[in-house]
Amino acid sequence: MIDKACENRKSPSREFEQKLSQMSPFEIKGTLIDLAELDARCSTSTFLNAGRGNPNWLLSYPRKAFFLLGQFAMQEADRKAYNADWGIVASPSQKGVAERFRQFIADRKDDVAAKVLNHFYTHVTGDLKADPDEFVFELVDGIIGDHYPTPPRILKYTEIITREYLRWAMGGDDDTTDYDLFATEGSTAGMCYMFNTLKANYLLKPGDKIALLTPCFTPYLEIPVLKEFDLEIVNVSANAVEKDGYHDWQFPDEEIDKLRDRSVKAVCITNPSNPPSVRLSDDVLARIVDVVRRDNPDLMIITDDVYGTFVEGFKSLMYVLPYNTICLYSFSKYFGATGWRLATMALRPDNVFDKLLTRLSDKEKEDLNKRYESLALDPSKVKFIDRLVADSRLVALNHTAGLSTPQQIQMALFSAFAYLHHDDIQPKLIDMIHRRLNNLWSTTGFTLQPDPNRAGYYSEIDMMVWAKKFYGEEFAEYLRKNYLPLDFVIRLADETAIVLLNGDGFDGPEWSVRASLANLDDDAYLKIGTAIRRILDEYHARFLQAQK
């Protein structure tokens with residue numbers, strides 16, 4: 001039977017490409033998937049989606065521990081039944097719960113999940129000095145989810161455990177500062193909460209300048225210009241090509257120096273970057289420190305560091321400029337947990353956000369006291385991070401705020417497992433994505449420059465760089481004049497069933513493409529690299545024909 005869709009298929013027109021190019025790359029992705037799936041149906045090509053960065057791995061041991069813990073928690077609940085026939089049981093009791101937990105684990109000592117839970121328990125009660133009954137009851141009560149999160153910002157021991165993990169993951173070394181954490185529904189929720197609270201507390205007002213280190217995760221480009229925020233964006237760009245013709249995706253001094261302007265109130269940073277997937281070099285970090293200390297001491301720094309764990313020895317700005325920085329960290333990528341929606345915001349107790357609140361006008365302070373008067377006898381003392389929590393529920397529902405408790409328990413298990421086994425887990429995950437990265441580049445014929453700052457979770461390939469290197473400036477000019485940048489990823493989907501995202505949607509170079517190294521098996525990247533080179537060569541063949 002003839003597939004009518006294959007029989008009637010047409011390549012997208014230039015007019016269609018022009019309209020499509022106005023959209024976010026994540027919205028364009030849907031169209032690219034449709035084109036790629038159709039091509040796979042109508043040809044011998046295999047559909048390969050390297051567009052979105054959802055990892056195709058997951059850490060199973062802390063998940064197994066979670067589900068075994070759930071069995072123990074239900075055993076605890078079943079100790080007192082109101083109606084056993086229908087499973088109507090009482091909320092568990094704290095008294096003696098640690099001893100019962102230890103026995104439950106001992107009875108399953110050969111089970112890998114029991115081993116994980118035992119290590120977890122001994123570490124938290126031993127090294128972190130947790131009260132055994134109090135700690136285990138938090139686990140039991142939390143995983144059952146029968147009470148509101150208390151405190152709403154984050155559960156007591158979940159905060160202690162996650163704080164320890166973040167200290168390692170974000171390069172805190174021996175820093176003993178007890179950061180305040182706010183558990184959120186993924187870092188995307190944290191981003192939304194951050195912008196809303198900055199606006200509600202007059203720390204960012206319409207017309208204020210906010211700097212973005214670009215290329216960056218698209219929502220950072222889209223949120224500030226929404227009508228409700230109406231901020232002026234200052235682009236700090238890493239798009240410059242080095243003298244040898246290669247991108248290193250670092251920021252020249254003159255770009256970082258844009259932050260010296262005190263009218264720039266805040267800066268959003270994705271580190272390592274998305275899509276180039278390169279961490280800020282030591283020189284760039286030092287330049288930012290100099291900017292803050294010399295010229296812009298009240299700069300509010302929002303750093304999104306989800307990919308930091310894919311670089312050995314990563315150092316977050318939360319430990320480089322702790323007074324100025326709030327950090328967003330998501331568990332989505334390292335743990336293969338995008339569906340869990342787990343993230344945390346970290347802010348040191350002594351910080352610029354709280355200091356700036358004290359400098360507001362009397363009228364602004366009065367307005368904010370009214371906004372938060374239901375939270376405290378002296379609402380002016382409500383900390384910025386607690387305002388984030390309250391604002392996430394429009395203040396009036398602060399008492400029901402907070403990430404669901406089962407999610408928090410999984411976060412605690414992830415944190416402890418990754419912290420206790422970081423020397424074993426991190427190198428294996430880094431090796432895996434670097435192997436995929438090398439496969440991708442090996443079949444393009446392009447040269448992947450060595451870079452100790454590269455995370456490699458994504459790869460941003462500037463096709464114009466390679467057009468010039470292989471075929472010269474005249475061919476590059478032909479591309480610019482005759483095709484839209486989006487044409488490359490559309491042709492890739494339409495002709496080879498492969499989905500990549502357009503890099504200019506992240507404020508990257510116009511002719512760049514973003515490939516995720518996370519969501520396909522190793523061999524797939526050999527095919528993707530081959531297809532990328534094929535499309536470039538086809539453009540060149542058209543150029544030669546036009547010359548004739």
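The values are calculated or read from the model by the stated rules, or taken from the named source; none is laboratory data. Bear in mind that the values here come from a model prediction, so they are computed numbers and not experimental data. All Cβ positions, even for glycine, are placed from backbone atoms using ideal geometry, and neighbour counts span all protein chains on display. SASA here: full protein model, heavy atoms, side chains in, ligands and nucleic acids out. Shrake-Rupley method; radii C 1.70, N 1.55, O 1.52, S 1.80 Å.
Using the beta-carbon distance between Ala84 and Leu377 and R0 = 41 Å, what value does 1/(1 + (r/R0)^6) give for FRET efficiency, to the nearest 0.05? Here the calculated transfer efficiency is 0.35.
Within the chain, DSSP assigns beta bridges of which about 50% are antiparallel (rounded to the nearest 5). Among the DSSP beta bridges whose two residues both lie in the stretch 282-427, what percent are antiparallel, rounded to the nearest 5? Taking every DSSP beta bridge within the stretch 282-427, about 55 percent pair in antiparallel fashion.
Label reach from Asp522 (point 7 Å along Cα→C-beta): in the stretch 45-81, amide nitrogens under 17 Å belong to 56-58. Dipole orientation for the chain: of the candidates Leu479, Tyr202, Pro297, Leu479 has the Cα lying most toward the positive pole (charges on Cβ; Lys, Arg +1; Asp, Glu -1).
Which of Lys19/Lys205; Lys333/Lys383; Lys199/Lys370; Lys80/Lys129; Lys80/Lys115; Lys115/Lys333 have a Cα-Cα distance over 21 Å?
Lys19/Lys205; Lys333/Lys383; Lys80/Lys129; Lys80/Lys115; Lys115/Lys333
Just check the stretch 1-67 against the gyration tensor rule for me: Cα atoms, a ≥ b ≥ c as the square roots of the eigenvalues, rounded for a/c under 1.5, and otherwise prolate or oblate depending on whether a/b exceeds b/c.
Working: a/c = 4.14, a/b = 1.72, b/c = 2.41.
Oblate shape, in that a/c is at least 1.5 and b/c is the bigger or equal ratio.
A full extension of the chain between Gln103 and Ser404 corresponds to an added length of 105.6 nm, given 0.36 nm per residue minus the alpha carbon distance.
How large is the dipole of the chain about the Cα centre if only Lys and Arg carry +1 and Asp and Glu carry -1, each at its Cβ, rounded to the nearest 20 debye? Can you show the working numbers first?
On the way: 65 positive and 81 negative charges, 120 e Å.
The dipole magnitude comes to about 580 debye.
Electrostatic bookkeeping for Trp340 treats Lys and Arg as +1 and Asp and Glu as -1; over the other residues with beta carbon under 14 Å from its beta carbon, the sum is +2. For the stretch 488-535, a simple Cβ point-charge model (Lys and Arg +1, Asp and Glu -1, everything else neutral) yields a dipole of about 160 debye relative to the Cα centre. With contributions of -39500 (n - 2.57) from each DSSP H run of at least four residues, the per-residue ellipticity at 222 nm computed over the chain stands at -14000 deg cm²/dmol.
The peptide list 236-242, 138-144, put in order of mean Cβ contacts within 10 Å with the highest first, becomes 138-144, 236-242.
Taking the Cα centre of the stretch 183-252 as origin, work out the dipole magnitude from +1 charges on Lys and Arg Cβ and -1 charges on Asp and Glu Cβ, in debye rounded to 20.
Details: 5 positive and 9 negative charges, 47 e Å.
That gives the stretch 183-252 a dipole magnitude of about 220 debye.
FRET efficiency for Glu254 and Phe26, Cβ-Cβ distance as r, R0 = 35 Å, nearest 0.05?
It comes to 0.65.
Strictly greater than 13 Å: what percent of every Cα pair in the stretch 44-93 meets that? Tail of P(r) above 13 Å: 71 percent of Cα pairs. From the alpha carbon centroid of the stretch 30-85 to that of the stretch 359-421 is 30 Å. For a label point 7 Å from the Cα of Arg480 along Cα→C-beta, name the residues of the stretch 495-521 whose backbone N is under 13 Å from it. Label zone hits: 510-511. Taken along the Cα-to-beta-carbon direction at a fixed 7 Å, the label points for Gln94 and Arg262 span 5.0 nm. Distant-in-sequence amide contacts of Trp511, defined by a placed amide H-H separation under 5 Å and a gap of 5 or more residues or a different chain, comprise Met464.
Toward the positive end of the charge dipole of the chain, with +1 on the Cβ of Lys and Arg and -1 on the Cβ of Asp and Glu, the farthest Cα among Ile528, Ser237, Leu32 is that of Leu32. Got a number for carbon plus sulfur as a percent of the stretch 369-464's accessible area, 1.4 Å probe? The computed percentage sits at 53.
Quick check: at a probe of 1.4 Å, how many percent of the accessible area of the stretch 468-548 sits on carbon and sulfur atoms?
With neighbouring chains kept in place, the figure for the stretch 468-548 is 46 percent.
Per-residue 3J(HN,Hα) values for the stretch 414-420, derived from phi via the Karplus relation 6.51 cos²θ - 1.76 cosθ + 1.60 with θ = phi - 60°, read 4, 4, 5, 5, 5, 5, 5 Hz in sequence order (x marks Gly and Pro). As a rough guide to protection, the peptides 457-466, 331-340 ranked by mean Cβ packing within 10 Å, highest first, stand as 457-466, 331-340. In this simple spin-label approximation, Cys6 and Leu397 carry label points 7 Å from Cα along the Cα→Cβ vector, and these lie 5.0 nm apart. Positive-end ranking of Leu517, Trp466, Leu500 along the dipole of the stretch 437-548, with charges on Cβ about the Cα centre, is headed by Trp466. Solvent exposure of the chain, expressed per residue, is 43 Å² of accessible area, with all protein chains present and a 1.4 angstrom probe.
Could the peptides 152-165, 82-95, 103-116 be put in order, highest first, of the mean number of other beta-carbon atoms found within 10 Å of their residues?
Result, highest mean first: 152-165, 103-116, 82-95.
Anisotropy class assigned to the stretch 247-405 is oblate, per the alpha carbon gyration tensor with a/c at or over the 1.5 cut-off and a/b no larger than b/c. Amide H contacts of Ala343 (H built 1.01 Å from N, in plane; Pro and chain starts excluded): Thr184, Gly186, Phe331 sit under 5 Å, all sequence-distant by 5 or more or on other chains. What net charge do the residues around Gly53 carry, taking every other residue with its C-beta under 14 Å from that of Gly53, with Lys and Arg at +1 and Asp and Glu at -1? Cβ neighbours under 14 Å give a net charge of +3.
Tell me, in nm to one decimal, what length is gained between Thr122 and Glu242 on full extension, where the rule is 0.36 nm per residue of separation less the Cα-Cα distance?
38.0 nm
Rolling a 1.4 Å probe over the protein heavy atoms of the stretch 1-160, with every protein chain left in place, gives an accessible area that is 51 percent carbon and sulfur.
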